[in-house]
Amino acid sequence: MIYYDKVSKVYPDSTVALDGVSFSVEPKEFVTIVGQSGAGKSTLMKLLIAEDRPTSGSVFFESSNIHRMNKKETSRLRRRIGTVFQDYRLIPGKTVYENIAFAMEASGRTDGEVAADVPHVLELVDLGHKIWNFPGELSGGERQRVAIARAIVTQPDVILADEPTGNLDPANTYEIIRILRKINELGRTVILTTHNKGVVDEVGGRVITMEKGKIVRDAKDGKYIL
Ligand code: ADP
């Protein structure tokens, strides 16, 4: 379970990015966080992976306060949360196989596990045929599918996808949502952020709407109504 308790974030230049945000996410939920650019979505996600600290309030992962964790606990937390970003963040000089293998090695997987799991996870995102290509040889949608494969290969409990469809056309956007839904059905918690109305209407399910650092709506079966 993830729990934000009255979380505020004020950046050093006095920008109030989050203003008293409280909500929780249950295991295996699919939650979409929607709001215009600047609403605070990315800041919210950064706090969850301990990339930044709240100015006040607390963020809990299960019963642990994320911002009171030591280094070892923080790396354990990050291994339990797979991340996907708008800009893919693949390593250009490595093949698709090597990009995913690299993430697995970083989390202590053996060569045998890498050889077995990389083809499998690429099948899951329908990219088995691109295993030996470099990111520069793939379309945006394909790159994002590699990034998703990399995020899920170590079987994290939570997938955090921060504007994953921001650079994609509607067909590829639909494909990414379909894959995230599939991952959710396989038992992972998914947290998706977007500013795109089409994405929200496509995903369905729980929608948290943010505006100027605040949650203005938290709907079980939401639509984008800013
Ligand atoms: P979103 O992801 O919804 O677009 P962000 O969380 O990125 O929103 O940003 C929320 C607000 O905080 C915006 O006004 C943004 O300009 C500001 N902001 C984000 N990061 C920083 C930073 N490192 N320093 C100062 N202001 C920031």
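Nothing in this text is a laboratory measurement; each read-out follows from the coordinates by a stated rule. Here the structure is a predicted model, which is why all the values come from computation and not from measurement. Please note: Cβ atoms are built from the backbone with ideal geometry, for glycine as well, and neighbour counts cover all protein chains shown.
Okay, here's what the table says:
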| item | result |
| --- | --- |
| Candidates Gly57, Gly40 - the one that is closer than 29 Å to Arg181 by Cα, surrounded by 15 or more Cβ atoms within 10 Å (Cβ to Cβ) and in contact (Cβ under 8 Å) with a residue 40 or more places away in the chain | Gly40 |
| Options Gly187, Gly198, Gly222, Gly166; residue that is surrounded by fewer than 16 Cβ atoms within 10 Å (Cβ to Cβ) and assigned to a loop (DSSP other than H, G, I, E, B) | Gly187 |
| Options Val114, Val158, Val153, Val121: the member that is closer than 23 Å to Arg76 by Cβ, surrounded by fewer than 20 Cβ atoms within 10 Å (Cβ to Cβ) and aliphatic (A, V, I, L, M) | Val114 |
| Hits in the stretch 40-93 (condition: of a type in the set (Lys, Arg) and either under 17 Å from the mean Cα position of the chain (by Cα) or outside any helix (DSSP H, G or I) (or both)) | Lys41, Lys46, Arg53, Arg76, Arg78, Arg79, Arg80, Arg89 |
| Residue in the stretch 1-47 that is farthest from the ligand (Cβ to nearest atom), counting only those that are acidic (Asp, Glu) and more than 20 Å from His67 (Cβ to Cβ) | Glu26 |
| Pairs, first within 12 Å of the ligand (Cβ to nearest atom) in the stretch 190-204, second of a type in the set (S, T, N, Q), C-beta under 6 Å, six or more apart | His195/Gln36; His195/Ser37 |
